[in-house]
Amino acid sequence: MTSIDNIGVQVEAVHGNVRPILNEVLHALDKLIDTNESTVIDLAGLPFAPGELDELEETLGQGELSAQLDALGASRIQETHYPGVWWIEHRNAHDEVVGRYLEITRIPEILSSQDADICAGRARLGEQFE
Amino acid sequence: MKNTPTVGEILQAKGVSRRGFLKYCATTASLLALPPAMIPRIAEAIESARRPSVIWLSFQECTGCTESLTRSAAPTVEGLIFDAISLDYHHTLQAASGDQAEAARHAAMEENEGGYLVLVDGSIPMGNPGFSTIAGISNYDMLMETVAGAAAVVSIGTCAAFGGIPGANPNPTGAVSVGDLVKDKPIINVPGCPPIPMVMTAVLTQFLTFGQLPEVDKYGRPLAFFGQTIHDRCYRRPFYEQGKFANTFDDEGAKAGWCLYKLGCKGPTTYNACATVKWNQGTSFPIESGHPCLGCSEPDFWDKGGFYEPLSTGKFGSGEKVAGAAAAGVALGVAAAAAGRRHQAKFTKEG
Amino acid sequence: MDLLDFARGPALQWAAYILVAGTIWRIVGIILLKEKPDYSEPRKRAGYGAALKVIWTRAFTAEPFAKATLYPKMMAYVMHIGLFAVIFLFTPHIVFFEGWTGLDWPGLPNSVIFFLGVATVVSAVALLVRRLTNPVLKLISNFDDYFSWFVSTLPVVTGLLIPVRVGLRYEDLLAIHILSVALLLIWLPFGKLGHTFLVFVTRGTTGMVFERRGAKT
């Protein structure tokens with residue numbers, strides 16, 4: 001029985017998006033170094049050719065730190081091979097990808113413990129002593 | 001309007017953490033094609049928004065739009081129903097039917113007078129009300145009755161927005177779009193056959209987040225998703241520019257993923273977000289899968305020449321008409337020559 | 001029916017009918033005219049070979065005039081070759097002809113076509129400027145000259161505007177381009193633009209007459 005992989009297509013590669021995005025990342029890193037300002041690049045709005053997104057991910061690589069977030073589905077927050085450049089992928093409860101970003105920052109906002117959660121947690125802990 | 005809880009309160013009650021909420025806001029910003037810098041504003045807006053009531057009316061449709069919406073990733077329609085909006089009426093998705101269902105619809109309309117959203121998929125037959133009825137009520141009557149107290153109407157899919165396939169030649173049921181009938185309420189058209197799920201939910205989310213409807217183009221389509229043509233965002237555009245085209249569906253050009261213009265792609269004249277947002281959670285879209293764009297988000301796309309006829313094909317009229325023109329030319333030529341020869345004869349005689 | 005449907009449909013259809021009728025009218029009207037009798041002794045039997053020869057040789061300027069006419073000649077060649085390239089070697093146009101004749105041929109990359117299109121417009125403008133500033137040309141130019149120039153240049157300009165996208169939607173720019181082509185096709189058989197098909201008739205006739213008289217062809 002033939003499978004979808006047996007279809008003999010040899011797609012001609014298109015590399016239009018990878019270099020411009022890397023250039024944007026370069027400028028964002030400059031901004032981070034000079035003024036400590038963060039940048040977020042939304043990868044959802046860009047027309048990626050087949051394989052280009054993987055190429056981008058491969059080029060940026062994986063760095064020292066990776067974090068898994070479990071909130072309304074799993075999210076992966078990965079520092080790339082280039083410190084300060086974070087790859088963030090959000091999935092929903094059905095494990096479908098709902099968001100993909102590059103954050104050029106010291107630490108992505110979502111990694112920090114949030115004020116509302118801290119207060120709610122403190123209240124919960126306080127109940128332990130009642 | 002009933003004092004419904006805010007979305008922020010609902011999420012908190014469901015135990016959604018602040019991180020989860022931020023994630024939701026980030027994906028919403030992506031959905032609405034807003035820059036990431038808007039995320040804090042979205043967070044603020046969503047937290048204080050109240051759950052609007054939504055009534056969904058299905059008329060002459062194939063249910064593809066509902067199917068498409070239930071495949072939507074973010075937010076999921078179940079998520080939408082329970083967390084964000086209050087879907088008070090939907091033929092296909094609701095458990096109730098018959099009188100009970102109609103009673104629920106009327107209750108929702110009364111309770112939320114002036115503030116509810118009406119979503120419509122399918123065209124409305126005007127040829128004979130009997131062509132399409134629900135609980136014995138004609139589509140036309142149900143539409144006009146329901147939109148009377150609505151805040152706005154959203155036409156989901158090309159059938160509701162422009163007439164779609166029922167409205168295509170010869171239009172046996174006299175199908176018309178929502179916009180042809182409703183003149184006194186704001187209408188947002190979200191066309192596509194079906195529309196991209198994310199686009200549908202984005203419009204609803206925008207209403208939820210900002211309490212407003214998005215900016216639209218001359219066909220009433222949200223500019224955020226229908227402001228660019230497929231051609232202008234297609235990843236195969238470099239091949240178009242280089243002159244690399246597929247000539248048949250299985251030739252080397254097609255296998256290499258070259259431009260599908262010669263196979264009838266309507267990308268240059270079609271406004272939709274397929275090339276960037278794509279389908280099935282960003283898996284691919286028709287052109288990426290090797291099939292030319294049909295132009296399904298454009299009015300009358302069924303009647304705009306064949307799907308496999310290239311855009312620049314001329315329509316020269318019948319061969320007979322051209323032959324007729326040729327015959328006319330011969331006649332005129334003979335007449336002109338006859339006059340000329342008479343003139344020449346006069347000349348030579350005198351000369 | 002929006003503007004694009006009108007341009008692609010009725011406008012182009014009627015332009016085609018008028019083009020066919022007009023072209024045949026002129027050709028038939030000219031060919032059926034009586035030949036002026038030539039009572040001189042024929043130096044050589046004139047055949048179609050001479051006709052074909054002159055169709056070819058008239059493309060090159062005769063030696064005494066070559067230097068004086070070099071500039072307008074170069075501009076005209078750029079304009080004609082550019083026009084040929086953008087019409088027949090641009091893939092969406094090739095697809096158009098394929099729909100009509102069933103024939104297909106390879107095209108040039110879009111960037112090359114764009115460059116050639118610009119070259120065509122520049123040379124056309126240069127020729128117009130010459131027509132307006134050269135005292136002899138200015139004197140003998142009439143409506144036909146200027147209007148023929150206008151309907152030939154307009155489609156190239158409107159075609160170049162499409163990728164440039166001057167704020168209008170693609171469909172509207174395309175409609176305007178197609179309408180300008182329709183205008184060209186309608187005017188073509190009449191007036192001096194008729195040289196597109198008549199040049200062969202006139203040069204051929206000249207060839208045969210000259211050969212009969214023993215003149216250089």
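Structural remarks
- Leading residue at positive end of dipole, segment B:264-351 (Cβ point charges), from B:A326, B:A273, B:A338: B:A338
- Based on Cα atoms of chain B, Rg over Rh with Rh as the Kirkwood radius reads 1.17.
- Kirkwood-Stokes translational diffusion coefficient of segment A:23-63, alpha-carbon pairs, 10 °C, 1.306 mPa s, µm²/s: 135
- Computed over segment B:133-221, Kirkwood Rh from alpha-carbon pairs, angstrom: 13.9
- Taking chain B and dividing mean pair separation by its residue count, relative contact order in percent (alpha carbons under 8 Å, at least six apart): 14
- Shape of segment A:70-126, Cα gyration tensor, a/c cut at 1.5: oblate
- Per-residue mean of C-beta atoms belonging to partner chains within 10 Å, peptide B:217-225: 0
- Size of electric dipole in the protein assembly as shown: Cβ of Lys, Arg +1 and of Asp, Glu -1, about Cα centre, debye, nearest 20: 5540
- Taking the C-alpha atoms only, the angle from helix B:39-48 to the longest principal axis of chain B is near 50 degrees.
- Packing here is the average count of other Cβ atoms within 10 Å per residue, and on that basis the peptides C:8-19, B:320-331, highest first, run C:8-19, B:320-331.
- Segment A:44-99: Cα Rg divided by the 2.2 N^0.38 Å rule of thumb: 1.19
- Estimated FRET transfer efficiency (B:A104, B:K185; beta-carbon r; R0 22 Å; 0.05): 0.55
- Point-charge dipole on Cβ atoms (K/R +1, D/E -1) for chain B, about Cα centre, debye to 20: 1540
- Dipole in debye (nearest 20) - chain A, about Cα centre, beta carbon charges: Lys, Arg +1; Asp, Glu -1: 140
- Separation between Cα centres of segment C:50-119 and segment C:159-189, rounded to whole Å: 20
- Legend: mean number of C-beta atoms from other chains within 10 angstrom of residue C-beta atoms, peptide C:88-99, equals 5.
- Note: relative contact order over segment B:162-267, using C-alpha pairs below 8 Å and six or more positions apart, is 15 percent.
- Rg/Rh for segment A:13-128 stands at 1.05; both radii use Cα atoms, and Rh follows the Kirkwood definition.
- The residue list A:G99, A:L111, A:L125 was ranked by how far each Cα lies along the charge dipole of segment A:89-130 toward its positive end, using unit charges on Cβ atoms, and A:L111 comes out on top.
- Normalising by residue count, segment C:1-72 has a Cα convex hull of 186 Å³ per residue.
- Pairs of C-alpha atoms in segment C:1-42 farther apart than 12 Å represent 70 percent of all such pairs.
- Once Rg and the Kirkwood radius are both taken over the C-alpha atoms of the protein assembly as shown, their ratio Rg/Rh works out to 1.11.
- For B:L294, the shell of other residues with beta-carbons less than 10 Å away shows a net charge of +1, using +1 for Lys and Arg and -1 for Asp and Glu.
- Rh by Kirkwood over Cα pairs, then Stokes-Einstein D for segment B:203-262 at 0.890 mPa s and 25 °C, µm²/s: 175
- Within 10 Å of each Cβ in C:12-22, the average number of Cβ atoms from other chains: 6
- Coordinate range along principal axes, alpha carbons of segment B:228-351, Å, largest first: 88, 31, 26
- Take the Cβ atoms of B:R341 and C:H80, set R0 to 35 Å, and the FRET efficiency comes out at 0.55.
- Burial order of peptide ranges C:44-52, B:173-181 (average beta-carbon count within 10 Å, highest first): B:173-181, C:44-52
- For chain B, modelled as a GNM whose springs connect Cα atoms under 10 angstrom apart, the maximal fluctuation among B:R236, B:R18, B:R221 occurs at B:R18.
- Scaled radius of gyration (Cα, divided by 2.2 N^0.38 Å) that segment C:1-155 gives: 1.35
All of the numbers you see were taken from the coordinates with simple rules; none came from a lab. Quick caveat, the model's predicted, so the values are computed rather than measured. Quick reminder, even Gly has a Cβ in these numbers, built from the backbone with ideal geometry, and neighbours come from all protein chains shown.
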